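Note sheet for the following structure.
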Amino acid sequence: MGRYIIRRLLYLVAVLLVVSAITFGLMHAVPGGPFDREKALPPEIMANLEKRYHLDDPLLVQYFHYLSDVILPQFSTQPPSVSLEDDALMKFQVGGIYVRWMNFGPSFSSRSRTVNDIFRQQLPISGQLGLMALLVALTIGMPLGIFSALKQNTIFDYLAMSVAIFGVSVPVIVLGPLMIWIFGVVLGWFPPTGWGSKPPYVLGLFPSDLSWNGFWKYAIMPSVALGLGSSAIIARLTRASLLQVVREDYIRTARAKGLRERMITIRHALKNSLIPVVTILGPMFAALVTGTFVTELTFGIPGMGRYFVTSITNRDYPVIMGTILLYAFFLVIANLVVDIIYAYLDPRIRYD
Amino acid sequence: MTAELKIDPRKMEQMGGGAPLTQKAESLFVDAMRRLVRNKAAVLGGSIIIVLILVAIFADQVALKPFAEQVLVDQNVAPTWVVNIFSTMKPYTRISEAYPLGADYVGRDLLSRIIYGARVSLTVAFIGPIISLLIGVTYGSISGFFGGRVDNIMMRIVDVLYAFPSLLFIILLMAFFKTTFTKLEPGTLAYAISQLDQRMGGLLFIFVGIGLTAWETMARLSRGQVLSVREKEYVEAARTIGAKNGRIMFSHILPNIVGPLIVAETLAIPAYISTEAFLSFIGIGVNPPTPSWGAMISDGAQVVRTYPNQTIFPALALAITMFAFNFLGDGLRDAFDPRLRGTQ
């Protein structure tokens with residue numbers, strides 16, 4: 001298992017290198033630069049700006065410069081200055097040595113912030129939204145699936161599966177405006193737009209204020225809008241898998257030895273029926289994490305989504321690179337975690 | 001006696017005398033179709049899709065007004081029944097019965113735009129699967145057919161592409177296409193492509209974007225299918241009598257794996273539709289004034305508090321279309337999935 005994980009982590013590095021190379025090539029192939037304006041800047045200023053951000057170097061040099069900034073940790077004996085150049089996502093102190101690691105560079109369009117700042121302040125919001133949506137997906141999806149499988153071919157089953165089809169069919173850009181209008185405007189239960197939690201975040205991710213006004217009021221609507229589709233997928237998968245497991249021989253054995261029905265369902269059927277559900281959690285997490293983009297734009301949430309879209313139109317190279325790399329990293333890690341959980345749940349699976 | 005002997009063997013086949021394999025496949029297909037027709041939800045979905053296709057084809061006849069016609073004095077008007085439903089609109093909305101669903105912020109008829117919008121969504125619904133099938137099946141079946149090192153390398157490439165956050169990637173691609181192919185001199189290939197895209201209202205690049213990001217799933221699926229069929233006796237038999245790779249591929253393997261692939265593509269159609277809607281929603285999809293439901297939802301979302309009809313009607317159109325394709329896809333899967341046989 002250990003060797004398997006190490007191999008997968010090496011593979012992760014390779015994937016990130018390829019992803020970064022393709023993204024870098026593609027975004028520099030887009031004509032126009034970060035400092036193009038309606039009214040062209042004087043050539044001297046342009047040259048200075050390009051020199052300042054190393055945009056006058058050959059592309060390959062720029063690429064390796066970027067990679068080394070992100071990958072290689074910087075050591076110094078003095079505490080780093082607060083200037084934008086000395087910023088990094090990870091800053092910590094080991095003994096008397098200050099370490100800076102993962103510097104994603106400056107943002108071209110918002111000159112006073114670095115990409116690290118954007119990650120520190122906007123990424124937690126996207127993360128909170130994604131996690132909440134995953135929570136919604138699991139808490140609605142699994143009970144719905146189990147319930148409709150246990151009551152197969154009854155009115156409850158049909159009702160639950162109709163709800164599921166509804167969830168699959170209605171994308172966030174439809175559900176978002178509908179919910180905003182019904183719950184935000186007509187009923188006035190939730191604020192139509194915005195996000196409650198503000199920095200500082202607990203552990204860099206979780207909101208520090210979990211009150212109704214500080215978090216839940218804003219979080220419920222977008223999380224449901226984003227999570228409902230996934231909950232429907234989970235519900236259908238749980239139902240199908242449970243229906244299949246219930247026909248297995250070991251369930252019959254459990255019944256034959258006189259176990260109570262509740263015991264059979266919980267101990268024998270449910271645990272085994274969850275295996276396919278776990279396998280889909282990886283791709284689903286990926287879909288939710290990137291899906292937060294749509295939700296953020298629909299609900300006016302200040303997460304990563306808006307920054308990414310505007311960074312592309314502004315040719316803000318470091319923001320584009322950083323965002324795509326970070327999300328690719330999440331995707332690969334999510335799939336790795338799912339594979340490990342999979343082996344744990346199903347002892348027949350062995351990686352070597 | 002002698003007359004019977006003269007019968008062309010090819011005719012024998014047509015009469016049902018030979019080729020038991022194709023006959024069996026056909027009956028399987030007919031069987032699946034029978035099950036599909038018995039599935040009420042699938043029939044409903046299929047009927048909605050047929051109606052939508054007709055509306056899209058005859059949009060010029062069905063729609064009351066051209067989709068780009070602006071009547072600025074009629075901006076944001078709505079008919080009585082709409083105002084009655086959305087009662088918050090009552091105090092300030094100007095009533096005009098000339099627009100069945102109301103007009104948007106520049107006085108364009110919403111219903112006509114929704115009708116023309118069906119063209120965009122349905123084109124994506126049909127072209128998207130074709131592109132991803134073409135690329136994915138070619139790639140996947142080559143990989144599965146040759147196996148070994150070729151398979152290993154080709155599948156590692158797919159693994160890497162899988163790690164791309166596809167939504168982010170498609171946004172980047174769209175930006176790339178939109179800007180690279182705009183300022184060009186006439187006469188070049190790139191110029192011709194951009195002209196074609198202009199004429200299609202920006203749809204061409206959406207197809208390319210979807211095609212480039214959606215084929216990986218198809219490649220994996222068709223590789224798996226080819227791997228399972230490759231070792232079957234009939235393929236071995238074909239090989240023994242000296243059939244070449246191409247012939248084995250096209251007349252023995254592909255016909256036997258096409259069912260699950262088509263089912264998977266039908267199930268993926270809602271994803272293509274919503275991708276286009278999303279791209280248009282954030283403004284990098286179709287070019288205005290081409291009506292896309294996503295762009296209309298986005299326009300309407302700006303004024304959702306004051307004129308909810310402008311976003312809710314195109315949203316309903318999108319949702320109903322997605323419902324229809326989901327129902328049909330589910331029905332197809334159930335009809336073709338042998339494991340569900342006998343459970344109903």
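Residues whose amide H lies under 5 Å from that of A:Gly204, counting only those 5 or more places away or on a different chain, are absent; hydrogens are built 1.01 Å from N in the peptide plane.
With a Förster radius of 25 Å applied to the beta-carbon distance between A:Asp346 and A:Asp157, the computed FRET efficiency rounds to 0.40. The stretch between B:Thr80 and B:Asn245 holds 52.7 nm of extra length on full extension. This uses 0.36 nm per residue minus the Cα-Cα distance.
Share of pairwise Cα-Cα distances greater than 41 Å in the protein assembly as shown is 37 percent (whole percent). In this structure the amide hydrogen of A:Thr114, modeled in the peptide plane, comes within under 5 Å of the amide hydrogens of A:Ser107, none closer than 5 places in sequence on its chain.
Taking N as the residue count of region A:203-262, its C-alpha radius of gyration divided by 2.2 N^0.38 Å amounts to 1.94.
Within the straight-line cut-off of under 17 Å between alpha carbons, the aspartates and glutamates reachable from B:Lys90 are B:Asp74, B:Asp104, sequence neighbours fewer than 8 places apart in one chain being disregarded. Using only alpha-carbon positions in region B:20-172, the gyration tensor eigenvalues give semi-axes of 46, 25, 14 Å once each is multiplied by 5 and square-rooted (largest first). Taking other C-beta atoms within 10 angstrom as a stand-in for reagent exposure, B:Leu168, A:Leu72 fall in the order A:Leu72, B:Leu168, fewest first.
Remark on A:Leu89: its backbone amide H falls under 5 Å from those of A:Trp101, A:Asn103, A:Phe104, a criterion applied only to residues 5 or more positions apart or on other chains, H modelled at 1.01 Å from N. By definition, a body whose alpha carbon gyration tensor gives a ≥ b ≥ c is oblate when a/c is 1.5 or more and a/b is not larger than b/c, and region A:1-125 fits this oblate description. Modelled this way, with points 7 Å down the Cα-to-C-beta line, the labels at B:Arg149 and B:Phe58 are 6.1 nm from one another. The largest-to-smallest principal axis extents of the Cα set in chain A are 84, 57, 40 Å. In the protein assembly as shown, if the dipole is taken from +1 on Lys/Arg beta carbons and -1 on Asp/Glu beta carbons about the Cα centre, which of B:Ala268, A:Thr114, B:Tyr105 is farthest to the positive end? Comparing the listed Cα positions along the dipole, B:Ala268 ranks first. Normalising the average separation of contacting C-alpha pairs (under 8 angstrom, six or more residues apart) by the number of residues puts the relative contact order of region B:265-344 at 27 percent. If R0 is taken as 56 Å, the Cβ-Cβ distance between B:Val43 and A:Val202 corresponds to a FRET efficiency of 0.60. Give me the aspartates and glutamates in straight-line cross-link reach of B:Lys40: C-alpha distance below 12 Å, same-chain residues under 8 apart excluded. By straight Cα distance, B:Lys40 reaches B:Asp330.
Between 0 and 90 degrees, the angle of helix A:2-29 with respect to the longest Cα principal axis of chain A falls at about 50 degrees. What trypsin sites (Lys or Arg not before Pro) in region A:190-257 are in a loop by DSSP, with at most 10 other Cβ atoms within 10 Å of the Cβ? Qualifying residues, ordered by number: A:Arg247, A:Lys257.
Coordinate-derived values only; no laboratory data. This structure is a prediction, so every number in the text was calculated from the model and none was measured. Virtual Cβ from ideal backbone geometry, glycine too; neighbours counted across all protein chains shown.
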